[in-house]
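Derivation of every value follows stated rules applied to the coordinates shown; laboratory data play no part. This is a predicted model, so every value here is computed, not measured. Virtual Cβ from ideal backbone geometry, glycine too; neighbours counted across all protein chains shown.
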Amino acid sequence: MATTTTGVAAGEALLRVEALALHYRTRQGAVRAVDGLTFDVKRGEALVVLGESGCGKSSLARALMRLHPRNLAHHGGRVWLGETLISELSDERFRREVQWSRLALVMQASMNALNPVVKVGEQVAEPLRELKRWPRRRALERAAEVFQRVGLPLDFMARYPFELSGGMRQRAVLAMALVAEPELVILDEPTSALDVLTQAAIMNVLKEIKRDQGTSFILITHDVATSSELADRVALMYAGELVETCSAERFFTAPAHPYSRMLMESVPRLHERRRPRAIAGQPPSLLDPPGGCRFAARCPARFARCAEPSPAFVPGGGAREAAGEGASESRHRVRCWLHAPSGGGEHG
Ligand SMILES: Nc1ncnc2c1ncn2[C@@H]1O[C@H](COP(=O)(O)OP(=O)(O)OP(=O)(O)O)[C@@H](O)[C@H]1O
């Protein structure tokens, strides 16, 4: 089994998520933003959650972190972190024992959420003082370590957020998420507001942390190119559901679900002559999603069976792999009738 430079065993399941759901209450009815997701993340692994805007990616992060809006209608499913069934913990125990200390979140645009009147070093040290009751000096010493880890000069500890560039502020937010040494960090579009060079620099920092400390990551993004930098595995969401999970290598070269394939074809490539192809149509409303496959209306490969509720995740490549077209991968899952054991061959 692979180990990181700190000796953490990579490869055992750290996070296991079963039938996770998060629905919002609105005047029009319940918005089923996260609608029964099942997946896992291994220790030391980076899972990239991809999907177009509005498919429920940020809601997935909120569901895992229990950051509920006022109009929460339903939060369900089971979540294990290591041996702990964290979904069963009371809110109080979840806050005390899990949030930030074992499971941290860097939210979209959180670099703008730093407190403008508190020095950055103090803010990075704050989780240790609040959660672990560490004395100020010890917390600041640890904050200094993490500052260096994320590539911030130490003298920036005494600066206020407005004295830092956007990229530096984002590194500070990352330092805050990492300071209590969580096992898993969820990053929701962590670099989308930054220029490409700064994006690349932050991705490198994440890669180093993963390699050296064995930290696991869930990186949420709609940006296929950036995601490929860090991804060990990919989970693709569509309209509140997962449609495919597999190794990054498999996803970027030979994905199985028609939506995954079309998404990859929509990405511009420098060295290819073909033009990127946009996916026609819109995702369905999450207020009343179709009972059958949610992608069917946009899918060129749809056939009669797609009107039936999609099959539960089946081992990927199903029919094609049985025909010898590709090597099977034990954690490759696809939610598509084309790949169900008896589903292939009828389409047209
Ligand atoms: N508090 C809320 N009340 C009602 N609907 C909500 C609420 N928050 C999000 N939604 C809806 O839930 C769906 C999923 O939203 P979410 O922000 O999770 O998607 P996303 O994939 O992260 O999108 P983006 O990439 O644009 O951030 C969308 O239809 C959104 O409008």
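Only lysines eight or more places from LYS119 in sequence, or on another chain, were considered; those with a Cα closer than 23 Å are LYS132. The charge dipole of the chain, taken about its Cα centre with unit charges on the Cβ atoms of Lys, Arg (+1), Asp and Glu (-1) only, comes to about 500 debye.
Taken over the chain, the percentage of Cα pairs per 10 Å bin, counting from 0 up to the bin with the maximum distance, is 5, 23, 32, 24, 11, 3, 0. Remark on HIS332: its backbone amide H falls under 5 Å from those of GLY316, a criterion applied only to residues 5 or more positions apart or on other chains, H modelled at 1.01 Å from N. The label-point distance for ALA158 and GLU249, in a model that sets each label 7 Å from Cα toward Cβ, rounds to 5.0 nm.
The mean sequence distance of close C-alpha pairs (under 8 Å, at least 6 residues apart), as a share of the length of region 118-174, puts its relative contact order at 44 percent.
Which whole-Hz couplings ³J(HN,Hα) result when phi for each residue of region 153-162 is put into the Karplus expression 6.51 cos²θ - 1.76 cosθ + 1.60, θ = phi - 60°, listed in order with x for Gly and Pro? Result, rounded to whole Hz: x, 4, 5, 6, 4, 8, 8, 8, x, 5.
Taking amide hydrogens as placed 1.01 Å from N in the peptide plane, the amide H of ALA46 sits under 5 Å from those of PHE217, ASP232, ARG233, each at least 5 positions away in sequence or on another chain. Measuring nothing but alpha carbons in region 77-119 and taking Rh as the Kirkwood radius, the Rg to Rh ratio lands at 1.12. Sequence-distant contacts, meaning Cα pairs under 8 Å at least 6 residues apart, place the relative contact order of region 188-304 at 17 percent.
If only the Cβ of Lys and Arg carry +1 and only the Cβ of Asp and Glu carry -1, the dipole of region 66-116 around its Cα centre is close to 100 debye.
Which whole-number percent is the relative contact order of the chain (Cα, under 8 Å, 6+ apart)?
Here the relative contact order equals 18 percent.
The packing ranking, built from the mean of other Cβ atoms within 10 Å per residue, places the peptides 143-150, 40-47, 63-70 in the order 40-47, 143-150, 63-70, highest first. Taking the helices alone, the chain has a mean residue ellipticity at 222 nm of -8500 deg cm²/dmol, built from -39,500 (n - 2.57) per DSSP H run of at least 4 residues and averaged over all its residues. For region 219-262, the list of chymotrypsin sites (Phe, Trp or Tyr not before Pro) that fall in a loop by DSSP and count at most 12 other C-beta atoms within 10 angstrom is empty. Dipole of region 1-146 computed with +1 at Lys/Arg Cβ and -1 at Asp/Glu Cβ about the Cα centre; of TRP134, SER110, VAL79, farthest Cα towards the positive end is TRP134. With all pairs of separate Cα atoms included, region 74-163 yields a Kirkwood hydrodynamic radius of 15.0 Å.
Rounded to the nearest 5, what % of the DSSP beta bridges within the chain are antiparallel ones? Looking only at bridges with both residues in the chain, the antiparallel portion is about 65 percent.
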